[in-house]
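The values are calculated or read from the model by the stated rules, or taken from the named source; none is laboratory data. Fair warning: this is a prediction, and the values are worked out from it, not measured in the lab. No Cβ is skipped: glycine too gets one built from the backbone with ideal geometry, and neighbour counts run over all protein chains shown. Surface accessibility is based on the protein's heavy atoms, side chains included, excluding ligands, DNA and RNA. Shrake-Rupley method; radii C 1.70, N 1.55, O 1.52, S 1.80 Å.
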Amino acid sequence: MITADPRRAPVGFNLVPPPGWDVIPLRTGTREAMERIVRKSVAQLPAGFPKDDIPQARLKLTQELKKVVRRARAKGGMTLYLPTERLHGVALPVSIVASAPIEVPRVRPDTGPEAVLAALASQTPGAETRELDDTAALRSERDVPANAAQGVDVAHRRVEYFVPVPDSTPDQYLAFSFSALIAPGSDPAFYDTLVELFDAVMGTFRWSYA
């Protein structure tokens, strides 16, 4: 049940990414954030990295970031979270996208967001209810196989949270989507650990009222 202050709706949210991650706003300040990430990544290149190859490495990273940003924007994303430092020497193939609020009609005029979440849960395999900052939310998890016809180039594990905005009029919802690319023959336990990391990040979720 939503127990936030009924007198006003939140104006935003706060989410704490793991150490070694960066935040890319997708509405304003996107280019500046990407340039900062590229500079930091280039500065972290090994000491023996050929200097003549640095411009090509910078260009490749910039192109990859632009591709990820385009995909996030195409899904209605407003904020993108990416790991920009290696973990034990491994570059994590993951991302988190927070999407802009969307309006969802109520199931019936006399019902609230709980009924909407229940209706979605009944149609979403693997869905379950979680609580984020005293707000009921819907969590779902699934493996998405590669399907070129549907624009899915690489198989990935996807976890999504669907969160109603307290006291919004009309009813609005936020969506948070986590994606981890699945390499052929990889250990499923590795992706389970990445999912646990995302759930821990969502545990830091807090509404902002100012």
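Express the accessible area of the chain per residue in Å², computed with a 1.4 Å probe while the remaining protein chains stay in the model.
Here the per-residue accessible area is 58 Å².
Over the residues of region 1-124, compute the C-alpha Rg and express it relative to 2.2 N^0.38 Å.
Against the compact-globule rule of thumb, the ratio is 1.44.
Taking all protein chains in place and a 1.4 Å probe, what share, in percent, of the accessible surface of region 1-125 do carbon and sulfur account for?
The nonpolar share, carbon plus sulfur, comes to 57 percent.
Treat each spin label as a single point 7 Å out from the Cα along the C-beta direction, and report the Gln56 to Glu35 distance in nm.
2.6 nm
In debye to the nearest 20, how big a dipole does the chain give about its Cα centre with +1 on each Lys and Arg Cβ and -1 on each Asp and Glu Cβ?
I would put it at about 920 debye.
Report the local net charge at Asp192: Lys and Arg +1, Asp and Glu -1, summed over other residues whose C-beta lies under 13 Å from its C-beta.
With Lys, Arg at +1 and Asp, Glu at -1, the net is -4.
From the P(r) of region 63-210, can you give the percent of Cα pairs sitting at distances over 22 Å?
More than 22 Å apart: 45 percent of the Cα pairs in region 63-210.
Picking from Gly77, Leu65, Gly112, whose Cα lies most toward the positive end of the charge dipole for the chain (charges on Cβ: Lys, Arg +1; Asp, Glu -1)?
Going by the Cα projections, it comes out as Leu65.
For the chain, what is the calculated [θ] at 222 nm in deg cm²/dmol (nearest 500), taking -39500 (n - 2.57) for each run of four or more DSSP H residues and dividing by its residue count?
Result for the chain, helices only: -9500 deg cm²/dmol.
Which far-off residues, 5 or more places away or on another chain, put their amide H under 5 Å from the one on Gly12, with H placed in the peptide plane?
Ser208
State the Cα centre-to-centre distance between region 11-48 and region 70-115 in whole Å.
Region 11-48 and region 70-115 have Cα centres separated by 17 Å.
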